[in-house]
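**Q** Below are the structure tokens for one structure; questions will follow.
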């Protein structure tokens, strides 16, 4: 787990602000859910044979003996809230987004932490392939707006309960013949979660499954048509994508359209955003039979990919350098008034020398410095330095605040 410090957090704020702005344009509203849920929620939704449930969840018992888990992902808690609060009674279509910390006890690697942060979005109540394309369009739009380089949208279809069981059995038979070539994890899970073997990054597993059967060749008519329409809508919107038949998701609830935004700059763990359809999840959790689709982005990975293009903290608009008790009193009153009017202003609180205060102003990247001392009070004037232009001028104390406001509005 890591701290997010001043100088770093501005990039986080920028990503969050852009997500809020873009998601609102597509009709999404923010939802905030607890970081702790009943463990049963994740076992039912994610799947008991997934790596997350088997190895990665932070689970504990409270004083009443209830089994609780720090949320490892956002979709299940959002769906729990959707059902519990009967949001489908407000509107048959729900578009929701969230952002915040998730927790997984997994081996830390580049861009991953045991407390990590996600920005995600979910749509409930729409079967039409156009919503798949709209969600993908919104995701691509976000990456364009925040200028994340070197990314590619990859899509696939995982079928549905009608066509996936037969493919699953076919894949198990295929893997059984190559069992000795698989890693220890895949040998253990090839019967319970065979699709995950296709996504394993171990060299032996990748080589052993090069000629594995593809789900795309075994889709039922409904899934084939749905996937074709999604691709057609993406083409209509001129959104570039690649079909990746090996892509699977690590959570049991996904059906039909699945997708990832991948990069070549983060090594083997190359997904920076991922998601898909989960048409049976709401009903599985006790809600109405509504379809859904969503995604999540890892914020740490987005920040890592921004590299040197970090968002700079906003510059200080005005530093008040005061010399003497009365000057400090007047400067404090003026600074407080400017702050209440929305301007970034700061001063020295320790009575340091003018030279030290000017060094502090330079460190804070102040646009202007107002110098006020006993001499300035005596002649009812102050010195205003323009730090970028390297000039200074004397301005009267009478009407000083309004004059400063006029200057600061130009910044």
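The values are calculated or read from the model by the stated rules, or taken from the named source; none is laboratory data. It should be emphasised that the depicted structure is a prediction, and the values quoted were computed from it without experimental measurement. Glycine also receives a Cβ, built like all others from the backbone with ideal geometry; neighbour counts cover every protein chain displayed.
**Q** Show me the helices (runs of 4 or more DSSP H) found entirely inside the range 176-265 where at least 3 residues are touching a helix residue (DSSP H, G or I) at 6+ places or on another chain (Cβ under 8 Å) and more than 25 Å from residue 104 (Cα to Cα).
**A** Those helices (runs of 4 or more DSSP H) span 203-208, 221-236.
**Q** When the range 5-36 is examined, which residues are found to be surrounded by 14 or more Cβ atoms within 10 Å (Cβ to Cβ), at pLDDT below 95 and outside any helix (DSSP H, G or I)?
**A** If the condition is that a residue be surrounded by 14 or more Cβ atoms within 10 Å (Cβ to Cβ), at pLDDT below 95 and outside any helix (DSSP H, G or I), then 8 is the only one that fits.
**Q** Shifting gears a bit: Tell me the residue from 155, 148, 131 that is touching a residue at least 12 places away in the same chain (Cβ under 8 Å) and over 26 Å from residue 216 (Cα atoms), please.
**A** 148
**Q** Could you figure out which of (1) buried (at least 17 other Cβ atoms within 10 Å of the Cβ); (2) touching a residue at least 24 places away in the same chain (Cβ under 8 Å); (3) closer than 17 Å to residue 244 by Cβ isn't true of residue 200?
**A** Result: residue 200 fails condition (2) only.
**Q** To continue, here is another question. Which count do you get for residues in the range 159-175 that are surrounded by 12 or more Cβ atoms within 10 Å (Cβ to Cβ) and assigned to a helix (DSSP H, G or I)?
**A** 9
**Q** Taking the range 300-315, which residues are at pLDDT 80 or above and touching a helix residue (DSSP H, G or I) at 6+ places or on another chain (Cβ under 6 Å)?
**A** Residues of the range 300-315 at pLDDT 80 or above: 300-305, 314-315.
Of everything in the range 300-315, those that are at pLDDT 80 or above and touching a helix residue (DSSP H, G or I) at 6+ places or on another chain (Cβ under 6 Å) turn out to be 302, 303.
**Q** Would you please name the residue that is surrounded by the fewest Cβ atoms within 10 Å (Cβ to Cβ), looking only at residues in the range 122-132 that are part of a helix (DSSP H, G or I) and more than 20 Å from the chain's Cα centre (by Cα)?
**A** 130
Let's see how each residue does on (1) more than 34 Å from the chain's Cα centre (by Cα); (2) within 23 Å of residue 253 (Cα to Cα):
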residue	(1), (2)
165	no, yes
172	yes, yes
175	yes, yes
181	yes, no
187	no, yes
197	no, yes
213	no, yes
232	no, no
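**Q** State yes or no: is residue 353 over 32 Å from the mean Cα position of the chain (by Cα), under 30 Å from residue 4 (Cβ atoms) and surrounded by fewer than 14 Cβ atoms within 10 Å (Cβ to Cβ)?
**A** Numbers: over 32 Å from the mean Cα position of the chain (by Cα): yes; under 30 Å from residue 4 (Cβ atoms): no; surrounded by fewer than 14 Cβ atoms within 10 Å (Cβ to Cβ): yes.
So residue 353 fails the test.
**Q** Something else: Only one of 398, 389, 331 is buried (at least 20 other Cβ atoms within 10 Å of the Cβ) and either at negative phi or in a loop (DSSP other than H, G, I, E, B) (or both). Can you tell me which?
**A** Testing whether each residue is buried (at least 20 other Cβ atoms within 10 Å of the Cβ) and either at negative phi or in a loop (DSSP other than H, G, I, E, B) (or both) leaves just 331.
**Q** Shifting gears a bit: Name the residue that is surrounded by the most Cβ atoms within 10 Å (Cβ to Cβ), counting only residues in the range 401-411 that are without any contact (Cβ under 8 Å) to a residue 12 or more places away in the chain and closer than 18 Å to residue 332 by Cα.
**A** 403
**Q** Here's a follow-up. Within the range 370-386, take every residue that is in a strand (DSSP E or B) and in contact with a helix residue (DSSP H, G or I) (Cβ under 6 Å, 6 or more places away or on another chain) and give me the one that is nearest to residue 335 (Cα to Cα).
**A** By that ranking, first place goes to 372.
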